[in-house]
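> Mind having a look at this structure? Questions to follow.
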Amino acid sequence: MRFWALIKRDVLVSWRKKSNIYQPLVFQLLIVTMFPLGLGAGAQTLAKIAPAVVWILALLSTLITLENIFKDDYEDGSLDLYVLSGMNLYLASLSKAIAHWFTTGIPVILFAPVIGVLMHLPDHSYGILMLSLLLATPIFSLLGTVGSALIMNIKNGGMLLSVLIMPLLAPILIFGAGAVLETSLGNSAYSHLMLLLGCTVLSLTLAPLAAAAAIKINLE
Amino acid sequence: MISLLLRCQKLKLTLQKHAANKPLISALLQIQDAQCQRAGEVLFAPINLAMDQSELTVIAGPNGSGKTTLLEAMAGLSRFSSGYRRYEQSEELNNWLQHSHYLGHKLGNKGNLSCAENLEFVAHINEISVNQQQTEDVLDKAGLAGYQHQFASDLSAGQKKRLALSRLLLLNKTFWLLDEPFVNLDHAGCDWLYQIIESHISQGGAVILTAHDQKKIHDLANHHITLEAIPEEVFT
């Protein structure tokens, strides 16, 4: 009940504060339009770098939303409410991650093909692109809860957050963009996707643990 | 031998004299030798408190003396740097959390949720199910009748405080820990808050709060804690 209540509330809050949802998408759109202008090249060059660009954009656009996962709750005091309700902080962190994934991860996945088209991503790569993002966006949200819990009482901690979790996200980028790249070249993406899945499971089990510990540290 | 007896007597007497400050072993809530730190510095001399049901404790002290820090530590949001809290003879935190509700300076209202949604969330997070009628009743009592669909961010400061205080009526916890609950409230609001505190105490609840110039609430209190900053030289 607590678990769902927290997810429900977070999704509702993000839904009402629309910028949470469209900010990453606008960010992606703005940057992707710069590529053809900056490169000045035809479809072939764009297609070559498309897997990497689509993936990096998905990653960066999620990164800018991570800071607020816990920070908003910390600042308005509603964090105290669920911490003091005796709620298991592992579950609380997990539900925060799930809510973040609903409001950021899913839009990013659904928007990725648009970016793909703008980058002339080869037609047969879209399935794998979305599948790889489906596996990876939960990781962004889960690691984001850890980072956000660590920096929630720091003013302007966004930069610190990026520095903290970027190294953890680098392997995800390698496997994810690698999967799309292999597919676009006509190879199998199986091994990349399996590694990505492994990362998803790993962060699903461990990240809430770390986030819960980070909340405790910050409250002491 | 006689002198020893006499000394024992004397000790007993002094003990009785300080009985108000010394914890009774049977007390429901016991706080023993509690101290808090801020930025590595101890804030006040050790606090002892023993509270039972139907009691009120008022914490007073100048700004910066550590009232909020003490209350947060009592609530379980942070830790005492030394000393402990014991509830029903146990130091286990979860048991205490189930029976207490803390309301601090950060009110915990979500701005873009309506009043009713804010209350529902708090109820659900405390594993209480509420229906629309109950939340409306609670808002009525808090003087927020008709505001149930209003976003919390659209309320005035006093109304926000009322919304936060209305949680107390919804959650039905034994211990209330309130950090300056009278701040931002108008006269009617202060009277209302005084009344709910009084009726909560008469119904077997217990309240710990910090307040400055609320004479009525000071008169009602069973325990007073006055925080005084520890002189610097003690630690240098």
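> Would you check which residues across the range A:204-220 are more than 30 Å from B:K106 (Cβ to Cβ) and touching a Leu at 6+ places or on another chain (Cβ under 7 Å) and list them?
A:L204
> Also, I was wondering about something else. Within the range B:186-193, identify whether any single residue is under 16 Å from the mean Cα position of the chain (by Cα) and assigned to a strand (DSSP E or B), and answer yes or no.
no
> Looking at the range B:39-79, which of the residues that are over 22 Å from B:P181 (Cβ atoms) and within 14 Å of another protein chain (Cβ to nearest Cβ) is surrounded by the most Cβ atoms within 10 Å (Cβ to Cβ)?
Selected residue: B:R79.
> Based on what the data block shows, is B:L220 modelled with pLDDT under 90 and within 29 Å of B:N48 (Cα to Cα)?
So B:L220 fits the description; yes.
> How many residues are in contact with a helix residue (DSSP H, G or I) (Cβ under 8 Å, 6 or more places away or on another chain), of a type in the set (A, V, I, L, M, F, W, C) and assigned to a loop (DSSP other than H, G, I, E, B) if we restrict to the range A:185-220?
Residues meeting the conditions: 1.
> Out of B:L170, B:L144, B:L177, which single residue is touching a helix residue (DSSP H, G or I) at 6+ places or on another chain (Cβ under 8 Å) and part of a helix (DSSP H, G or I)?
Unique residue meeting the criteria: B:L170.
> Test B:N131 against the stated conditions and say whether it is at positive phi and more than 9 Å from chain A (Cβ to nearest Cβ).
Against the criterion (at positive phi and more than 9 Å from chain A (Cβ to nearest Cβ)), B:N131 does not qualify.
> Let me ask something additional. Specify the residue that is nearest to the other protein chains (Cβ to nearest Cβ); the eligible residues are those in the range B:85-97 that are buried (at least 16 other Cβ atoms within 10 Å of the Cβ) and out of contact with any His (no Cβ under 9 Å at 6 or more places or on another chain).
By that ranking, first place goes to B:L97.
> Further question on the same structure: Mind listing whichever residues of the range A:30-47 are exposed (fewer than 11 other Cβ atoms within 10 Å of the Cβ) and farther than 13 Å from A:I115 by Cβ?
A:L37, A:G38, A:G40, A:G42, A:Q44 - these are the residues of the range A:30-47 that are exposed (fewer than 11 other Cβ atoms within 10 Å of the Cβ) and farther than 13 Å from A:I115 by Cβ.
> Scanning the range B:147-167 for residues that are outside any helix (DSSP H, G or I) and surrounded by 14 or more Cβ atoms within 10 Å (Cβ to Cβ), which turns out farthest from the other protein chains (Cβ to nearest Cβ)?
That would be B:Y147.
> Which of (1) among the acidic types (D, E); (2) out of contact with any Lys or Arg (no Cβ under 8 Å at 6 or more places or on another chain); (3) surrounded by fewer than 21 Cβ atoms within 10 Å (Cβ to Cβ) is the odd one out, the single condition A:E67 does not satisfy?
Result: A:E67 fails condition (3) only.
> Take the residues in the range A:83-111 that are out of contact with any helix residue (DSSP H, G or I) (no Cβ under 7 Å at 6 or more places or on another chain) and more than 14 Å from chain B (Cβ to nearest Cβ), then tell me which one is surrounded by the fewest Cβ atoms within 10 Å (Cβ to Cβ).
Checking each candidate, the answer is A:L110.
> Additional query: Any chance you could count how many residues in the range A:1-23 are within 8 Å of another protein chain (Cβ to nearest Cβ) and β-branched (V, I, T)?
So the answer is 1.
> Considering only strands (runs of 3 or more DSSP E) fully contained in the range B:28-139, which possess at least 2 residues that are among the β-branched types (V, I, T)? Full working, then the answer.
Numbers: elements: B:29-35, B:47-51, B:55-60, B:82-87, B:100-103.
Result: B:55-60.
> Give the residues of the range B:98-109 that are within 7 Å of chain A (Cβ to nearest Cβ) and in contact with a strand residue (DSSP E or B) (Cβ under 9 Å, 6 or more places away or on another chain), sorted by residue number.
B:Y102, B:G104
> Moving on to the next point. Any chance you could count how many residues in the range A:35-69 are farther than 23 Å from A:L135 by Cα and in contact with a Ser or Thr (Cβ under 7 Å, 6 or more places away or on another chain)?
Qualifying residue count for the region: 1.
> Check every one of the helices (runs of 4 or more DSSP H) wholly within the range A:40-103 and list those with 1 or more residues that are within 12 Å of the chain's Cα centre (by Cα) and of a type outside the set (K, R).
The qualifying helices (runs of 4 or more DSSP H) are A:43-66, A:68-76, A:89-100.
The values are calculated or read from the model by the stated rules, or taken from the named source; none is laboratory data. Computed from a prediction, not measured in an experiment: that's the story for all the values here. When we count neighbours, we look across all protein chains shown, and the Cβ atoms used for this are built from the backbone with ideal geometry, even at glycine.
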